[in-house]
1. Starting from the range 63-85, keep only residues that are closer than 16 Å to Ala20 by Cβ, then list their pairs with residues that are loosely packed, with under 14 Cβ neighbours inside 10 Å whose Cβ atoms are within a distance under 6 Å, requiring at least 6 positions of separation or different chains.
2. Those residues that are under 15 Å from Ile75 (Cα atoms), surrounded by 12 or more Cβ atoms within 10 Å (Cβ to Cβ) and not small (Gly, Ala, Ser), I need them from the range 12-24; list them, please.
3. For the range 8-30, indicate whether the set of residues that are free of Cβ contacts under 8 Å to residues at least 40 places away in the same chain and not in a helix (DSSP H, G or I) is non-empty.
4. Run Val38 past the list (1) among the β-branched types (Val, Ile, Thr); (2) surrounded by 15 or more Cβ atoms within 10 Å (Cβ to Cβ); (3) part of a strand (DSSP E or B) and report the number of the one that doesn't hold.
5. Would you be able to tell me the number of residues in the range 70-93 that are more than 13 Å from Val12 (Cα to Cα), hydrophobic (A, V, I, L, M, F, W, C) and surrounded by fewer than 16 Cβ atoms within 10 Å (Cβ to Cβ)?
6. Out of all the residues in the range 42-59, is one or more within 18 Å of Pro14 (Cβ to Cβ) and either exposed (fewer than 11 other Cβ atoms within 10 Å of the Cβ) or modelled with pLDDT of 95 or more (or both)?
Amino acid sequence: MRLPSYSAVAVVGPLFAGVALNAVIRPHLAERLGGVMVRTGSGVRSSNRWWTFHDATQVEHPTLTWFLSCSDGAISMIIFGMMALLLLVGWIIGHFKARP
């Protein structure tokens, strides 16, 4: 069995993580903390969501509420940036390994 290429892993890995975060993990965490979902846009592709929290929850869980207050679009852009960075690092390492 052949292992997947580095570039495939550099794209599929972060893409899977981003979909899991935005579709499953973040909504579950926000529900457990009592967050109120804010959604902008009318369609599936154009809608963007994030959660707001009571002040007491923000004081108790500052990092988690900050993470959940970021929009789905912002998380997606971070994921795309990670994919680009991983591909660039892979290219640089491959470039230096190919040198005599």
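1. Asp72/Asn48
2. Pro14, Leu15, Val19, Leu21, Asn22
3. For the range 8-30, residues free of Cβ contacts under 8 Å to residues at least 40 places away in the same chain and not in a helix (DSSP H, G or I): absent.
4. It fails just one condition, (2).
5. 10
6. As a first pass, look at the range 42-59 and keep what is within 18 Å of Pro14 (Cβ to Cβ): none.
Checked against the condition, which is being within 18 Å of Pro14 (Cβ to Cβ) and either exposed (fewer than 11 other Cβ atoms within 10 Å of the Cβ) or modelled with pLDDT of 95 or more (or both), the range 42-59 yields no hits at all.
The values are calculated or read from the model by the stated rules, or taken from the named source; none is laboratory data. Keep in mind the model is a prediction, meaning the values are calculated, not measured. Cβ coordinates were reconstructed from backbone atoms using ideal geometry, including for glycine residues, and neighbour counts include every protein chain displayed.
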